[in-house]
Amino acid sequence: IVQYLQNLFEYIIVDTTPYLTDSVQSIIDIATVIVLVATQDIPSIKSANSFLGLSDQSGINRKRILFTLNRYDKRIAISPERISESLKQTVEGVIPLEERIVTTSINRGVPFIVENKSSVISKSIYSIAEKLKDKISTQEEE
C-alpha cells in the first residue's frame, strides 16, 4: 500500500507500532527518513538502543534516522547529550515538556501549534520539521 501511495504523494508519514513486526520492517526498508522518538526514561532509551542495534544489523544507514526526544524535562539528569553519547546517535530534535499547553490543546481539540505558534514547544516542532526536510533532501540526493 505504501509503495502505491508513493506514486500518488510526495510525502507519506507512517506512525508505526514500537515493535519491529514484518509490516514495520517493510515500511522502514522503503522509508527515506525514519523518525525515532524516545523519552528520558530508561525503558524508552533501552527501546531506542534496541532499535538502533537492529537497524545496524539490518544495514540501515543511521543517517536516515532523525532521533527525537519527546517531553524533554531539563530537571531530569538524563540529557539529550548523554543519550546521544550513550547510544552513539545524535539527538537531533528535542520537544520540551509543556504540559499546560499540550493538555489545554488536547482538551480544546485545537493543535497547540495553531494557537501557540511562538511557544517553545511549537518552535521545537518547526525546528524538527526543518531538520526532517533537510534530511529528506539529503537522502534523495544520495
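Among (1) crowded, with 18+ Cβ neighbours inside 10 Å; (2) assigned to a strand (DSSP E or B), there is one condition Gln40 misses while meeting the rest; what is its number?
(2)
When both residues are 6+ apart or on different chains and their Cβ atoms are under 6 Å apart, which pairs have a first residue that lies in region 76-91 and is over 19 Å from Leu132 (Cβ atoms), and a second that is assigned to a helix (DSSP H, G or I) and of a type outside the set (A, V, I, L, M, F, W, C)?
Filtered contacts from region 76-91: Leu87/Asn49.
Please work out if Ser26 is surrounded by fewer than 18 Cβ atoms within 10 Å (Cβ to Cβ), small (Gly, Ala, Ser) and under 20 Å from Gln139 (Cα atoms).
Answer is yes for this residue.
Among (1) in contact with a helix residue (DSSP H, G or I) (Cβ under 7 Å, 6 or more places away or on another chain); (2) under 18 Å from Lys131 (Cβ atoms); (3) part of a helix (DSSP H, G or I), which single condition is Leu66 missing?
With (1) in contact with a helix residue (DSSP H, G or I) (Cβ under 7 Å, 6 or more places away or on another chain); (2) under 18 Å from Lys131 (Cβ atoms); (3) part of a helix (DSSP H, G or I) applied to Leu66, the lone miss is (3).
For region 1-22, what are the residues that are open to solvent by 80 Å² or more (accessible area, probe 1.4 Å) and not in a loop (DSSP other than H, G, I, E, B)?
Once the filter is applied, which keeps residues that are open to solvent by 80 Å² or more (accessible area, probe 1.4 Å) and not in a loop (DSSP other than H, G, I, E, B), region 1-22 yields Gln3, Tyr4, Gln6, Asn7, Leu8, Asp22.
The values are calculated or read from the model by the stated rules, or taken from the named source; none is laboratory data. The model shown is predicted, which means the values in this text are computed figures rather than measured ones. FYI the Cβ positions are ideal-geometry reconstructions off the backbone, even for glycines, and counts take in every protein chain you see. These accessible areas exclude ligands, DNA and RNA; they are computed on the full protein's heavy atoms, side chains included. Shrake-Rupley method; radii C 1.70, N 1.55, O 1.52, S 1.80 Å.
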